[in-house]
Amino acid sequence: MGLLQNLDLTTQIQEKADYKAKLLKYQLDLLMLQRRLLESKQNLIIVVEGPDAAGKGGVIKRFNEHLDPRHIRVYSTIKPTEDELRHHYFWRFWTKIPAQGEIAIFDRSWYGRVLVERVEGFATKGEWKRAYDEINHFEKSLADNGSVILKFYLHITKEEQLARFKKREEDPYKRWKINDEDWRNREKWDLHNEAAEEMFEKTNQPHAPWHLIEGNFKWHARVKVLRTVAKALESALGKTKEPA
């Protein structure tokens, strides 16, 4: 299965104090970078994908924790509405692209066309195969206009997912996070991984790279995502030059 199979999902941060120190360091770095981003002609687009219970929400929460909330939006992509289904599938994302200086995080995204829609048959084979080029052109047009695009895929083992599902069912404060659809998706684990592997192959671009994150240990995943964003954003802003 390629990239996902080769991830070392045993990677972790052992000590809580170490985790807290690293987390706070990158949160402060990101806060300083957000101020620089606001003064630039660029924006930041973050895509977060991965199987159910992979820790996407926890990563996003830590990313946002100390940023200025006035300049960041999180969009959770759910089943399209009847009106959205009458338009091209990009239609509901175009109006969510951030303005200059702003940040947008997509908790699931336009990649649904080549992931869940492919696996569940909501898109025809012709539609999801065509989508790879459509997505690449879409992201290239955004990058050419100043968008910094980072795409993360959080991955966990099937065993870890089962443990998290059971924990959610037992916790009255988290029971809302689990439903019958999550269990049904689990039955197609291999098909979802196969779709993800092809997605990496077809849509990993220099201007919109995929970052695969080992998600079995949440502390490691959170720190790695924040560090990756901080480094990429610092590099992008450092290269920014005003027109002559």
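Among the residues of this structure, Asn136 does not count as one that is outside any helix (DSSP H, G or I) and closer than 25 Å to Leu7 by Cβ.
Residues that are over 24 Å from Arg62 (Cβ atoms) and at pLDDT 95 or above do occur in region 206-223, at least one of them. Just checking, does region 74-95 include any residue being surrounded by 16 or more Cβ atoms within 10 Å (Cβ to Cβ) and either touching a Gly at 6+ places or on another chain (Cβ under 7 Å) or under 24 Å from Lys231 (Cβ atoms) (or both)? Yes; the residues of region 74-95 include at least one that is surrounded by 16 or more Cβ atoms within 10 Å (Cβ to Cβ) and either touching a Gly at 6+ places or on another chain (Cβ under 7 Å) or under 24 Å from Lys231 (Cβ atoms) (or both).
Could you go through region 94-103 and let me know if any residue there is assigned to a loop (DSSP other than H, G, I, E, B), under 24 Å from His220 (Cα atoms), in contact (Cβ under 8 Å) with a residue 24 or more places away in the chain and not charged (D, E, K, R). Give the steps one after another, and end with the answer.
Residues of region 94-103 that are assigned to a loop (DSSP other than H, G, I, E, B), as a first pass: 95-102.
Applying the additional criterion that residues be under 24 Å from His220 (Cα atoms) yields none.
There is no residue in region 94-103 that is assigned to a loop (DSSP other than H, G, I, E, B), under 24 Å from His220 (Cα atoms), in contact (Cβ under 8 Å) with a residue 24 or more places away in the chain and not charged (D, E, K, R).
Output yes when any residue across region 2-12 is in a helix (DSSP H, G or I), closer than 23 Å to Thr157 by Cα and among the β-branched types (Val, Ile, Thr), and no when none is. So far as region 2-12 goes, no, none of its residues is in a helix (DSSP H, G or I), closer than 23 Å to Thr157 by Cα and among the β-branched types (Val, Ile, Thr). Only one entry in Ala123, Ala131 is farther than 30 Å from Arg35 by Cβ, part of a loop (DSSP other than H, G, I, E, B), at pLDDT 95 or above and of a type in the set (A, V, I, L, M, F, W, C), namely Ala123.
Given the structure, is Arg118 surrounded by 14 or more Cβ atoms within 10 Å (Cβ to Cβ), of a type in the set (Lys, Arg) and within 22 Å of Asp182 (Cα to Cα)?
Values: surrounded by 14 or more Cβ atoms within 10 Å (Cβ to Cβ): yes; of a type in the set (Lys, Arg): yes; within 22 Å of Asp182 (Cα to Cα): yes.
The answer is yes for Arg118.
Kindly evaluate Glu39 against the criterion of being within 25 Å of Phe165 (Cα to Cα), in contact (Cβ under 8 Å) with a residue 24 or more places away in the chain and among the acidic types (Asp, Glu). Considered against the rule, which asks whether it is within 25 Å of Phe165 (Cα to Cα), in contact (Cβ under 8 Å) with a residue 24 or more places away in the chain and among the acidic types (Asp, Glu), Glu39 comes out as no. Among the residues in region 138-149, are any more than 30 Å from Lys231 (Cβ to Cβ), over 13 Å from the mean Cα position of the chain (by Cα), surrounded by fewer than 16 Cβ atoms within 10 Å (Cβ to Cβ) and of a type in the set (S, T, N, Q)? Taking every residue of region 138-149 in turn, none turns out to be more than 30 Å from Lys231 (Cβ to Cβ), over 13 Å from the mean Cα position of the chain (by Cα), surrounded by fewer than 16 Cβ atoms within 10 Å (Cβ to Cβ) and of a type in the set (S, T, N, Q). For Glu170, are the conditions met, namely being acidic (Asp, Glu), more than 28 Å from Ala131 (Cβ to Cβ) and in contact (Cβ under 8 Å) with a residue 40 or more places away in the chain? No: the conditions fail for Glu170.
Inspect region 42-53 for any residue being exposed (fewer than 14 other Cβ atoms within 10 Å of the Cβ) and either in contact (Cβ under 8 Å) with a residue 40 or more places away in the chain or among the hydrophobic types (A, V, I, L, M, F, W, C) (or both) and give the result as yes or no. Step through it out loud before you land on a result.
First, the residues of region 42-53 that are exposed (fewer than 14 other Cβ atoms within 10 Å of the Cβ): none.
So far as region 42-53 goes, no, none of its residues is exposed (fewer than 14 other Cβ atoms within 10 Å of the Cβ) and either in contact (Cβ under 8 Å) with a residue 40 or more places away in the chain or among the hydrophobic types (A, V, I, L, M, F, W, C) (or both).
Residues in region 13-66 that are of a type outside the set (A, V, I, L, M, F, W, C) and part of a loop (DSSP other than H, G, I, E, B): Gln14, Glu15, Glu39, Ser40, Lys41, Gln42, Gly50, Pro51, Asp52, Gly55, Glu65, His66. Close Cβ contacts (under 9 Å, 6 or more residues apart or on different chains) running from residues in region 123-147 that are over 18 Å from Glu197 (Cβ atoms) and touching a residue at least 60 places away in the same chain (Cβ under 8 Å) to residues that are surrounded by 14 or more Cβ atoms within 10 Å (Cβ to Cβ) and of a type in the set (Gly, Ala, Ser) comprise Glu139/Ser147; Glu139/Ala208; Lys140/Ala208; Leu142/Ala208; Ala143/Ala208; Gly146/Ser40; Ser147/Ala208.
Being over 24 Å from Ile135 (Cβ atoms) and hydroxyl-bearing (Ser, Thr, Tyr) is a condition met by at least one residue of region 17-33. State whether one or more residues within region 214-232 are more than 20 Å from the chain's Cα centre (by Cα), on the phi < 0 side of the Ramachandran plot and not basic (Lys, Arg). No, the conditions are met nowhere in region 214-232.
The values are calculated or read from the model by the stated rules, or taken from the named source; none is laboratory data. Here the structure is a predicted model, which means the values were calculated and not measured. Quick reminder, even Gly has a Cβ in these numbers, built from the backbone with ideal geometry, and neighbours come from all protein chains shown.
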